[in-house]
Every structure is written in structure tokens, then in C-alpha cells.
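The values are calculated or read from the model by the stated rules, or taken from the named source; none is laboratory data. What you see is a predicted model, and the numbers here were worked out from it, not measured in a lab. FYI the Cβ positions are ideal-geometry reconstructions off the backbone, even for glycines, and counts take in every protein chain you see.
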Amino acid sequence: MTETSAEVFLLDPTAESSPVMMPRLKRPASIEGMTIGLLDIAKQRGDVFLDRLDERLTTNGFKVERFAKPRFSIVAPDALKQEMQSRVQVVIEGLAD
Amino acid sequence: MLETAERAAAAPLNLPADGLVAVVKRDCPTCVLVAPLIKELSDRGVPITVYSQDDPSFPDGLSGVRYDDDLGSSFGLNIEFVPTVIRMEAGREAERIFGWSRAQWQALTGIPDLGKTLPDMRPACGSKTTDPGMQARLKVRFSQTGLASRRIPVPREIDPLELVHERGWSDGLPLVPPTEERVMLMLEGTARDPKEVVGLMPPNRVECTVEKIAINAVMAGCKPEYLPVVITAVEAALIPEFGLHGVLATTNAVAPVIMVNGPIAKGIGMNSKGNVLGQGFRANATIGRALQLVVRNVGGGRPQEVDRAVFGNPGKYTFCFAEDEDDGIWPTYAEERGFKRGTSTVTLFPGDGNTPIIDHISREPEGLVQSYAGCLRSLYNPGQINDVSAFILVSPEHAQVFYDAGWSKQRVKDELYARLKLRRDEILEGRQGIGSMKPEDLTDPNRLFPKFRTGSLNLARAGGSAGKYSAIISGLGSITINPCIKEVRL
């Protein structure tokens with residue numbers, strides 16, 4: 001009458017799909033000649049850290065572009081990600097406070 | 001571990017192409033009334049196939065009765081009532097009647113004097129296929145659930161209660177194993193399509209269906225009638241202004257807190273009174289847990305992974321209660337948000353836990369708000385403004401102090417705001433909120449800054465009747481994390 005009566009079946013409560021894991025880009029062998037993005041995620045004092053990096057990088061002859069997320073607790077808006085993608089080769093972000 | 005086992009298929013009915021099919025059960029007075037007629041039809045040579053749902057020897061004296069003990073034939077024939085008589089013609093159903101109606105039976109059989117000594121009419125009884133929970137069981141048994149989720153077999157030597165932990169589905173406490181039957185029964189709690197996508201669940205931003213919510217509600221221990229509240233809680237959590245991703249991923253302690261308003265709260269037995277934030281009430285305990293399990297299992301939000309909480313809080317197992325609307329003196333939170341009293345709603349806000357306010361002394365509202373303000377001032381840091389929110393649950397005895405003085409809820413809030421302003425030199429450096437202060441803010445020594453943003457300090461009524469306590473549920477209250485409310489859809 002019933003299917004394999006001694007066996008129980010459970011329904012999967014998960015999304016059944018791991019998120020698509022994008023492989024990370026390889027670290028560049030050298031950042032010589034690259035434009036470097038500095039992303040402020042709006043965490044407290046992140047700007048202090050990034051200002052110092054900006055100063056050091058600029059002194060060493062790198063071109064630096066600054067970006068900012070409106071708020072650390074949200075995912076970066078697509079437009080911001082696309083802007084960074086189009087303008088710089090490397091991004092450094094100031095994470096946590 | 002995808003299962004591959006075949007499921008049972010309903011046995012072929014093997015009915016004659018022409019003739020009658022009757023479905024009866026002994027536990028039905030109308031079936032007992034017509035049983036002699038069925039035998040009479042058979043004796044007269046009318047081709048009739050008889051299914052008995054509960055007794056192979058019924059109708060008495062009739063041979064060849066098919067005992068439908070697994071109800072597979074009744075399910076296959078879509079029988080809702082007994083007795084049902086179906087007339088088959090050329091292999092197809094031509095006509096169907098149920099109950100006893102002399103005129104209908106005579107017309108269907110073409111026998112004009114059939115049952116002439118019986119009363120004109122007797123109502124049908126419910127088919128055993130409509131017994132409570134039976135439809136769900138039959139749909140599972142005969143592979144007609146329509147559910148999309150993977151079926152995972154539990155090997156005989158494995159305890160299902162252990163398997164749910166091994167697969168990483170649990171918050172650490174035992175779960176109800178989500179069998180297909182339990183999930184089908186759970187889904188009877190809502191009219192919504194199991195395939196309906198409620199939204200994209202962070203952090204993995206995957207589609208969250210009603211079916212997935214139902215599975216997690218089963219695991220949390222919910223009853224089917226709780227499901228609309230659970231679904232609404234998920235919907236509210238997915239309103240962008242709630243900022244679920246931030247609530248989940250933050251290093252802060254917060255959990256999503258669920259507050260239910262309106263008639264559904266009492267309808268499903270939610271607690272709004274003594275021990276309102278404590279244990280002992282199934283609806284409170286399991287609805288909050290179901291939301292957390294959805295976040296964990298559908299969204300992939302797990303502690304020490306995307307959930308970066310330093311401490312968390314016990315409310316991350318479950319944090320759910322109903323607002324006490326009984327005295328009707330102050331507007332409820334839902335009314336403040338524009339919903340009419342009598343509308344069932346679910347509010348979500350972030351909460352760290354319960355910070356008690358104890359004031360046994362104040363009999364005047366001024367004294368009481370002073371106590372409240374002192375406790376509120378210290379939240380997160382006495383020098384912090386913004387990025388902090390609070391729901392104050394005002395107990396009956398404290399509420400009475402305000403009522404006796406004629407203070408409205410808004411008045412209490414205004415008085416609190418007035419007492420919760422900090423001078424520039426009292427504000428902890430770096431805790432002024434988002435962005436820099438304006439130059440004039442920094443130079444004006446008399447400038448005062450409110451600790452709470454507009455809308456981030458709220459009052460609701462709840463708690464037991466004895467004792468001069470209130471409770472603060474503090475939480476993040478940034479510009480991207482706000483209380484969100486949604487009407488319950490059944």
C-alpha cells in the first residue's frame with residue numbers, strides 16, 4: 001500500500017543550490033601602472049584608513065580613485081560596482097571598524 | 001543523496017466500461033439505509049461494482065465487494081461523499097449522485113420503483129478520503145503532492161531526528177522531521193500556491209517559495225494555522241527597508257523580532273501577557289523559530305559564516321510575541337502605522353533581547369518617563385546617538401499610571417524624546433551616526449542631539465498584570481534598518 005514503509009522521506013528545506021561561487025580573480029603579479037580604487041563602505045573611521053592609503057599610493061606614483069558605499073549594511077549597488085569595474089583594475093576596501 | 005525510489009501509484013480501478021459503481025462505508029447511516037438497495041440492484045442483474053471503505057462484509061450478503069482499505073480507489077474516483085453512485089458509459093463517467101434521493105437513484109438506475117419504502121431523501125456522509133489529514137496522506141501516498149522540493153530518503157538505520165542535524169538544517173535544537181505528509185498538512189494552513197515566490201532571501205539571494213517556508217515551519221514545530229503568520233513574517237523581513245541582510249550579517253547582537261497584531265494573534269493562541277517574551281507558548285515559540293530557520297536554510301545565513309554576530313542573543317532561536325490590544329486605550333503599533341483595528345498584521349524589527357525597566361515607585365507619569373529615559377539613554381553606549389532603536393513594551397501596571405494621568409502614547413513618546421537629547425560634548429566620538437556633522441552643529445555649544453531618530457523609538461503594550469516593570473527591546477536603528485509591517489494574507 002505505501003512506499004517502502006520502513007523508510008522515511010524528508011523534504012529538503014534548503015534552496016537546494018549552493019550560491020554560484022565565482023572564482024576569485026588571481027592576484028596580479030604586479031600593480032605597476034594600475035589604477036587603484038579605494039572603497040569606503042561607510043564604516044566608522046574607514047575613511048581615516050583609506051585616506052592614509054591614498055596618500056601612500058599617490059606618493060608612490062599610483063593613480064587612485066575613491067568610491068563609497070552609501071551604507072555598510074547593504075550590498076553595493078550595481079551602478080557602483082559597474083563604475084568601479086570600468087574605472088579601476090584593483091579595489092581596496094576598508095572593512096570593519 | 002537524492003532519492004530514486006519509486007512511489008506507489010494508485011492501483012488501476014479496473015472498472016467495467018458500462019454499469020454502476022457505488023462507494024459506501026458502514027459508518028454512515030445513509031449507506032446503511034441504501035445497502036439493501038445495492039444488493040437488490042446486484043440481485044436484479046444490474047452490473048454494479050461496490051467499494052466499501054471500512055468493512056469488506058458491507059453491504060451485508062453482497063458478494064464481490066471491493067474492500068478499499070487504503071482508499072486508493074476512492075481517491076482515484078475523487079469520492080467526497082458516501083454513498084456515491086457513478087454511472088459508467090463506454091468506459092467514461094456519465095453521471096454521479098451521492099446521498100439518498102429516491103428520484104435521483106430511480107433516474108440513474110432506470111428502475112422506477114427503486115426504494116419506494118424509503119424516505120424521499122437522506123443526506124450523504126463524508127467519504128473517509130475527507131477525514132482530517134487524509135487528503136494530504138493520500139496525495140503523498142499516490143505521488144500527487146505537486147511539491148517541488150527534493151525528497152531525501154532517511155536510511156533505516158538512521159534516526160531522522162539525527163539526520164536533520166547532520167544535514168545542517170537545525171538551529172541546534174531538535175527539529176520536527178519534515179516529511180511530505182507533514183508539509184502537505186502544513187500547506188493546508190494557507191490558500192497560497194506552494195510555488196509562489198515570496199521574495200529573494202539573503203544572504204544568498206535565492207528564491208523563497210511558500211513551499212520552502214512550509215517545510216521550515218514544520219521543522220520549527222508550527223501548526224498549519226500559524227503558516228500565514230510565518231509567511232507574512234518572511235515577507236516583512238524581505239521589505240528592503242527592514243535590511244535583513246544587515247540584520248543578519250552584523251557583528252551586533254540583533255535578531256529579527258516578530259510582533260503580531262489583530263485577531264489572528266488570539267486565533268492561533270499567541271501570548272501577549274504574562275511571560276510574553278518567555279517560554280511556554282507554542283505559537284510564539286515556533287513562529288519566530290520558523291523565520292530563523294528560513295533565513296538559515298533558504299538564505300544560507302549561518303552563524304560564524306555570513307552571520308558575524310559577536311554575541312548574538314537567545315532571541316536568535318525565536319523572538320515572537322503578540323501586542324496586548326485588550327484595553328483599547330492606546331492605539332496599537334499597527335494602528336499607528338495606519339492599519340485599522342481588527343486587521344491582522346506582522347511587524348518585524350531588530351532586537352537584541354530584553355532590557356528590563358523596573359520602577360515600583362512612580363505613581364506619576366513624569367517619574368515613570370524619567371526612569372524610562374535613564375534606561376534608554378544607556379542603550380549601546382550612553383554617548384551614542386542614532387543607529388539605535390527601541391521598542392518599549394509597557395506593562396499593564398505602568399500603562400495604568402499613564403492612563404490615570406490621561407497621557408496618550410504620543411505624549412509619552414514626546415516626553416521621552418525631550419529627555420533623550422545629548423549635548424555635543426556628551427556624544428561619544430564617532431558615534432554620531434552617518435556622515436559628518438555640519439560645522440554649525442560642532443560650534444553651537446547649546447545644540448542638542450536626539451538619541452533616537454524619528455520612528456526609531458516605539459511603544460507597545462504587553463506583559464503580565466502584576467508588577468511595575470516594562471521591557472526595552474533595543475536594536476539597530478540605522479537608516480537602512482527599520483521596523484516593517486505587513487498585513488497577514490491567509
Checklist entry - Can you pull out the residues in the stretch B:160-169 that are facing chain A (nearest Cβ under 10 Å) and either under 16 Å from residue A:8 (Cα atoms) or surrounded by 15 or more Cβ atoms within 10 Å (Cβ to Cβ) (or both)? => result B:160, B:163, B:164, B:167, B:169
Checklist entry - Cβ-Cβ below 6 Å, separation at least six or inter-chain, first residue in the stretch A:55-84 and within 14 Å of another protein chain (Cβ to nearest Cβ) and assigned to a loop (DSSP other than H, G, I, E, B), second surrounded by 15 or more Cβ atoms within 10 Å (Cβ to Cβ) and among the charged types (D, E, K, R): which pairs? => result A:72/A:43; A:76/A:69
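When you go through B:236, B:220 one by one, which is the residue that is farther than 30 Å from residue B:144 by Cα and in contact with a Lys or Arg (Cβ under 7 Å, 6 or more places away or on another chain)? Full working, then the answer.
Working: B:220 fails: farther than 30 Å from residue B:144 by Cα.
Checking each option against the conditions leaves just B:236.
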Checklist entry - Does any residue of the stretch B:417-430 turn out to be of a type in the set (Lys, Arg), loosely packed, with under 15 Cβ neighbours inside 10 Å and at pLDDT below 90? => result yes
Next on the checklist: Quick check on the stretch B:237-255: of everything there that is buried (at least 20 other Cβ atoms within 10 Å of the Cβ) and part of a helix (DSSP H, G or I), which residue is nearest to the other protein chains (Cβ to nearest Cβ)?
Outcome noted: B:246
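Scan the stretch B:168-183 and give yes if some residue there is closer than 19 Å to residue B:346 by Cα and under 14 Å from the mean Cα position of the chain (by Cα), otherwise no. Full working, then the answer.
To start, the set of residues in the stretch B:168-183 that are closer than 19 Å to residue B:346 by Cα comprises none.
Scanning the stretch B:168-183 turns up no residue that is closer than 19 Å to residue B:346 by Cα and under 14 Å from the mean Cα position of the chain (by Cα).
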Checklist entry - So is residue B:101 small (Gly, Ala, Ser), surrounded by 13 or more Cβ atoms within 10 Å (Cβ to Cβ), under 24 Å from residue B:68 (Cβ atoms) and without any contact (Cβ under 8 Å) to a residue 24 or more places away in the chain or not? => result yes
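Using the structure shown, decide if residue B:299 is within 14 Å of another protein chain (Cβ to nearest Cβ) and either in a loop (DSSP other than H, G, I, E, B) or surrounded by fewer than 24 Cβ atoms within 10 Å (Cβ to Cβ) (or both). Walk me through it before giving the result.
On the way: within 14 Å of another protein chain (Cβ to nearest Cβ): yes; either in a loop (DSSP other than H, G, I, E, B) or surrounded by fewer than 24 Cβ atoms within 10 Å (Cβ to Cβ) (or both): yes.
For residue B:299, the condition - within 14 Å of another protein chain (Cβ to nearest Cβ) and either in a loop (DSSP other than H, G, I, E, B) or surrounded by fewer than 24 Cβ atoms within 10 Å (Cβ to Cβ) (or both) - is met.
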Checklist entry - Mind checking which pairs have a first residue in the stretch B:203-228 that is closer than 18 Å to residue B:193 by Cβ and a second that is of a type in the set (S, T, N, Q) and part of a helix (DSSP H, G or I), Cβ under 6 Å, 6 or more apart or different chains? => result B:216/B:297
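Can you give me the number of residues within the stretch B:395-411 that are of a type in the set (A, V, I, L, M) and more than 20 Å from residue B:467 (Cα to Cα)?
Residues meeting the conditions: 0.
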Checklist entry - Got at least one residue in the stretch B:263-273 being modelled with pLDDT under 95 and in contact with an Asp or Glu (Cβ under 6 Å, 6 or more places away or on another chain)? => result no
